[in-house]
Each structure stands twice: as structure tokens, then as C-alpha cells.
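Where a number appears in this text, it was derived from the coordinates with a stated rule and is not lab data. The structure displayed is predicted, hence computed values, not measured ones. Backbone-built Cβ (ideal geometry, glycine too); neighbour counts: all protein chains shown.
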């Protein structure tokens, strides 16, 4: 894999800055944790030094954004206005130039003709507040109407990547016999991405069943916000009323530190027979929820191009296909807070409206098409 290119002028966030805020989920528990988002850094963000696409090129990434946009916009135009949190495709996807023009190829909108099994690995702390979210899995239900099957992989919210990688392997190994032989696509949200990457490297028996891995707002190269946070702070999530998690193996915070993740990437080549894909969350300033503004400003001390939890560069999987820059903050792309908690949705998480159902449908259709093309060209 080699070393990950360094960003010129990158600085470290010091101990007085991050605390628990950098660990994604604390904003909902501000009344309990007492303002965990840390101190303000500065009003003026750091100046960009390397363009996002230049950095993607250094990572040997393929640009698939034009076709994904074509698919997403066609879906949006066809039935987007019928779905929750509808926003025109021009607002849902961020345009980072240069982006290729549309191909003009037709977009298939019928039922799937493949038998991929899509398994989602959630991020840090998910099982701590899963019940509070009252998550109905509406995106999975939406794509199921087109024949796609999406399941959630249960992993420890507060354990490290090595531990969770074993849980992913065990889950796949324990699937019913009816799933034997079905190709698997793993989708990792936030910390779920490095959990998956570790799993397919450490367990060849798992990798042999996986055809693709998708990083969705993944903390692939860690986050500066984890630099001086502690596991004890993360474990406070177990004390929140209604929490369903325990402290796990105590490795979650350590596994998100940039030095840990970047060394892992340097030491562990990804399997060549698995196709990797990257979805970067890169919100406009007016698409960041109030409760995430502090962590956004913290990361802006390094680079303003962040999703409030992870720099856009640190979301990129080396050698992957860049699918999209989603105009959503770290929560909006995957965590449906506002739909089940209207007060929180109108105050702390007031930019949580994102067309997740449409985005997932477009993503699965894009993957299905791209994987079919890869098979055809390899024959």
C-alpha cells in the first residue's frame, strides 16, 4: 500500500481542543456530558493546500462521480419528490470540479437482477443509542422494494477495529445456509469502514466471499479529533439513560487516532480481488447542524474541508473508486435523528434532513452496474 501522502501544512489539534467532541455521537447527550464539544479554535479556517481531487489522484483513486450523479439525478427526477427529506440532486451532491460530463447512458430503475447481499457496519457508539434513535431502517425498506437486501452487522460500539473485525467475520460465517454462495458487499459508516478493512485483511475466509467494500463517511485514516480523547470519555455513552452498550474491549478511541490508522494503511495492502469505493461527506456551511458546529470549527483548524468529524482526505480509501461528495454532515448521511425526535431535530440536529433512501438506492444501483462492468471487462 505504501505510505499515505502527507498534507502540506497539516497541524495537530492540541489537548485543550478535542475531548469527547471528536468522537461523533456526544452532541445528543450534551445535557448529560456538559458541553463535550471542546473549545473554539479560530474564526478563519486553515487555507486549503491540496485539492481534494489531487489528493485522490495521489491515492490512485478512480473517479466514478459523473456516473453516480447521473444515476442519482435520474432516480431523484423519477420518484425523489415522493421520498422523505427530498432535495434536488444538485443540492444533495456537491460538485467539486473538474467532474466529467454525464455519459448519456440509460439508467435502469427496475428491480435488481443480481443477488448481492449488502451488509452495513455502523460507527462508534451506534449500539449505545440505537434504541433511542427508534431507527426503522426506512432506507433498507425502500431498496428492498427493488429486490435489494440490506442487513446491519452488530458490532461493539466502543471496541477497537481488531475486535470488531472478528465480529464481522463471525457474523458472515454464521449466516444461514440460504445465503451461501451469495456475493457480499460490505458498507462501513464512520468507524465501520476501518473495521471492515481490518476484517478483509485479517480473515481471508471472509475476503473470499466479499466482492466490494464501500466506505461511507469512513474514518479511514482516523480523525485529529481522537488525538487527545480517552476511552473513559467514550465510555460515558454507556451511562446515558437507555444505552444498550457496554465498554467492550476499550480500544475504540485508540483505533481512531490518525497515527494508528495511517500506520495500519501503510502496513496492510488491501485485497486486490475486492473492489473498494469511497463516499465522502463534504457539507456546505449551511448544511451543518448546530450541534456539530463546534467540532466543525475544531477540524477547520486543520482544514475547513471536513464533515464535522473527519477530514475529507481521511475519508478516502487508497486505490478505491470515488463515488460522490455528499452535501451532508457526518450525521445527516446515515443517522436519522430528526425524524424520530422532532425537538432535537429542530435544535441540536437541525440539518439532519438528507434523502438517505434515494442516496442508498443510487449507491446500490451504481455498485451493481460498476461491478457488472468489472466482471465483463475482466473476461
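Some notes on this structure:
- The distance separating the Cα centre of the stretch 270-341 from that of the stretch 175-209 comes to 22 Å.
- Residues 128, 73 arranged by fewest to most Cβ contacts within 10 Å: 73, 128
- For a label point 7 Å along the Cα-to-beta-carbon line of residue 342, residues of the stretch 79-109 with backbone N under 18 Å: 84-86
- Proxy reagent accessibility, fewest Cβ within 10 Å first, across 282, 373, 359: 373, 282, 359
- Kirkwood Rh and Cα Rg combined as Rg/Rh, the stretch 169-312: 1.00
- Cβ crowding within 10 Å ranks 71, 196 as 71, 196, fewest other Cβ atoms first.
- Cα shape, the stretch 19-378, gyration tensor, a/c 1.5 rule: rounded
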